[in-house]
1. Answer yes or no as to whether residue 248 is touching a helix residue (DSSP H, G or I) at 6+ places or on another chain (Cβ under 6 Å) and either within 26 Å of residue 10 (Cα to Cα) or modelled with pLDDT of 95 or more (or both).
2. When you check residue 563 against the structure, is it outside the structural domain of residue 262 (by TED's automatic domain parsing), within 23 Å of residue 186 (Cα to Cα) and more than 31 Å from the chain's Cα centre (by Cα), yes or no?
3. Give me the strands (runs of 3 or more DSSP E) completely within the stretch 171-259, filtered to those with at least 2 residues that are closer than 30 Å to residue 300 by Cα, ordered by residue number.
4. Exactly one condition in (1) over 22 Å from residue 215 (Cα atoms); (2) buried (at least 23 other Cβ atoms within 10 Å of the Cβ) is not met by residue 67; state its number.
5. State whether the residues of the stretch 345-358 include one that is part of a loop (DSSP other than H, G, I, E, B) and within 18 Å of the chain's Cα centre (by Cα).
6. Go over the candidates 520, 527, 536 one by one and state the one that is farther than 19 Å from residue 341 by Cβ and in contact (Cβ under 8 Å) with a residue 60 or more places away in the chain.
7. With respect to the numbered conditions (1) surrounded by fewer than 22 Cβ atoms within 10 Å (Cβ to Cβ); (2) touching a helix residue (DSSP H, G or I) at 6+ places or on another chain (Cβ under 7 Å); (3) more than 30 Å from residue 520 (Cα to Cα), which one is the sole condition not fulfilled by residue 348?
8. Select from the stretch 289-311 the residues that are assigned to a loop (DSSP other than H, G, I, E, B) and buried (at least 20 other Cβ atoms within 10 Å of the Cβ) and list them in ascending order.
């Protein structure tokens, strides 16, 4: 995951190279292999390189092919062979880097190139002849892209704190984003950040900027296309697509995998192990967090069973001894946004650090649940609402025959919800009243909790996941901008080709309890893994830690003055007095925000300002 940064002055002012250099150097942790800047006139790009694919071994960025059109990209493309064929480059240049392919696509199709690119990417292209900047972020937002538009300047990066180094960017907070975090844990506006001046380009969006205009558009929206597949064809197509998605995400000889004892990550480990056999000398190692004493947990047993069957070495990291908001280094708890602060920072970062020791590339099994585990009650409800009785009865009969039980009673609950409105949940009572009124938090809360209108969907869970507010902070939490590790996390299930296929299937039987995945891996995984039901943690770790350890520091901390703008601390109960998971997590967010305001918000712009003044 390379670092990218750029500055464009649309008023023609020259680029301050010292400032651009400092902003680029701030990202060396994510690109230790090479750092380079390129500037001419009123535009300048910076790049820090992490070589994590075979094709990147000789790659150089920022990149230009003709001296007029420049690119800086953090990109890993899928479907390279197909793209090469469309570009007419398959025979002559099969080893093009991903950055070169993006730039060639732009030369061929201009802004329409986005219709030919798939994978994980964030990039910006400056066309000096037209004085326009074209930016894009991948379909699912795996790669971050932040930007600020101040006066006549446009600043962008995939690293939020790099943008903050620019002297024209203030530290003013986005109060609405802070309120969202305190009230529900997530920023509900995917186009904003915690800072008033800095914006986030949402997933599947492009941005085009010139002197007189700025336009943002969504270039892709997931859609369902029902079709009929025979059992054999369906499973074979799925297996081929999942293998291709995994292969496209390898492209290196040293791979780590975050592998629990569940079906998703073990399936990817099995596929990756087979693919790496084609490359002698390749290695794959697994790693996972486990609980041995704090909670009843069988991940150690099941992950060991899978690792032994696949002959993959695995490292188990016990999480029992970690306390809430502890860290192995200050970086663990120093994050660009409060959304990324986790009470379980130490164990999460411990896992990532182990993965980074095992390779620069790591695979995850996220998010097989969203696309292969539709709730039957939702599907039955949808068929009943549309009076598709034959499909309803056929699906229910399949469930009774294969699962040897009656369909889930949630079907009845779903029908009742058609005729009953829900009362919207409120927000924590300790929110400052004046602050809540200023941003109309009560109305925002009502909108968050309002039940979504019924839609013509057979895959509601999958479509909700794609449009959810969860993915952006999750992917950005994996990103080096948060971890400060030279580690690229890749997610084979988050593949546009695979997801299009899954959305084309009837949920019953294929996307119930991951039926299609179990069929596809039936000969490659132990029966105990294949037949293991989805298993959540047997308890709430925060509750156990609150009861078993001192959490006084999380209740009686030195208060940052800014916190009192948002929180009435006189109304906040002690953490041990919170009786519900919702209450405990909300209370923990108060501590996290205070920590962020104290340790992460301050940023040193002294050198940047000095450079700007000296040049002026």
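The values are calculated or read from the model by the stated rules, or taken from the named source; none is laboratory data. Source: prediction; values computed, not measured. Positions of Cβ are generated from backbone atoms using ideal geometry, with glycine treated the same way; all protein chains shown enter the neighbour counts.
1. No; evaluated as a whole, the condition is false for this residue.
2. No: the conditions fail for residue 563.
3. 254-258
4. Going through (1) over 22 Å from residue 215 (Cα atoms); (2) buried (at least 23 other Cβ atoms within 10 Å of the Cβ) one by one, residue 67 breaks only (2).
5. For the stretch 345-358, residues part of a loop (DSSP other than H, G, I, E, B) and within 18 Å of the chain's Cα centre (by Cα): absent.
6. Result of the check over 520, 527, 536: 520.
7. (2)
8. 291, 297, listed by residue number.
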